[in-house]
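Read the structure below first, then the notes.
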Amino acid sequence: MEKPIKIILALLLILCLLDMPYSFYQLVRFVALVGFGYLALIANKQNNTNAVFIYVALAILFQPFFKIALGRTIWNVVDVIVSISLVVSLVVKPKKE
């Protein structure tokens, strides 16, 4: 279930680069909160504390209740970086210790 969530989140964040209605951005923020929260739970079950921290931080960043005003340009950069990171995490397998 982890892969589809990452793909959906990456696609939604890339779509945020387009000129969409404000309600779309609100939807993306809510979906991102739920998606990153679920990914944090999965990472916690796998004892991956670094990933848990990252996903919780992303859930807080994208949460729709207390908006973080970064400006459109910075949000676009954040969206691209997070999208690329999600896709890379699907392709690159972590090293087993």
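Per-structure values
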read-out: Cleavage-rule hits (chymotrypsin sites (Phe, Trp or Tyr not before Pro)) in segment 15-97: DSSP loop, at most 16 neighbouring Cβ within 10 angstrom; value: Phe65, Phe66
read-out: Extreme residue, positive dipole direction of the chain, given options Phe36, Trp75, Val92 (C-beta unit charges); value: Val92
read-out: Spatially close lysines, pair count over the chain: Cα under 27 Å, gap of eight or more or interchain; value: 12
read-out: Test item: Cα-centred dipole of the chain, Lys/Arg +1 and Asp/Glu -1 on Cβ, debye; value: 220 debye
read-out: Quarter of the Cα convex hull surface for the chain, i.e. its orientation-mean projected area (nm²); value: 6.2 nm²
read-out: Most mobile of Leu39, Leu86, Leu18 in a GNM of the chain (Cα contacts under 10 Å); value: Leu18
read-out: Pairwise label distance in nanometres, Leu15 with Arg72, each label 7 Å out on the Cα-Cβ vector; value: 1.9 nm
read-out: Check: segment 41-97 dipole with +1 on Lys, Arg Cβ and -1 on Asp, Glu Cβ, in debye; value: 120 debye
read-out: Longest segment of the chain lacking trypsin sites (Lys or Arg not before Pro) that sit in a DSSP loop with at most 14 other Cβ atoms within 10 Å; value: 1-66
read-out: 222 nm mean residue ellipticity, helices alone, for the chain (DSSP H n ≥ 4; -39,500 (n - 2.57); rounded to 500); value: -25000 deg cm²/dmol
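Since every read-out is calculated from the coordinates, none of them should be taken as a lab result. Only a predicted model underlies this, so the values are computations on that prediction, with no experimental measurement involved. Backbone-built Cβ (ideal geometry, glycine too); neighbour counts: all protein chains shown.
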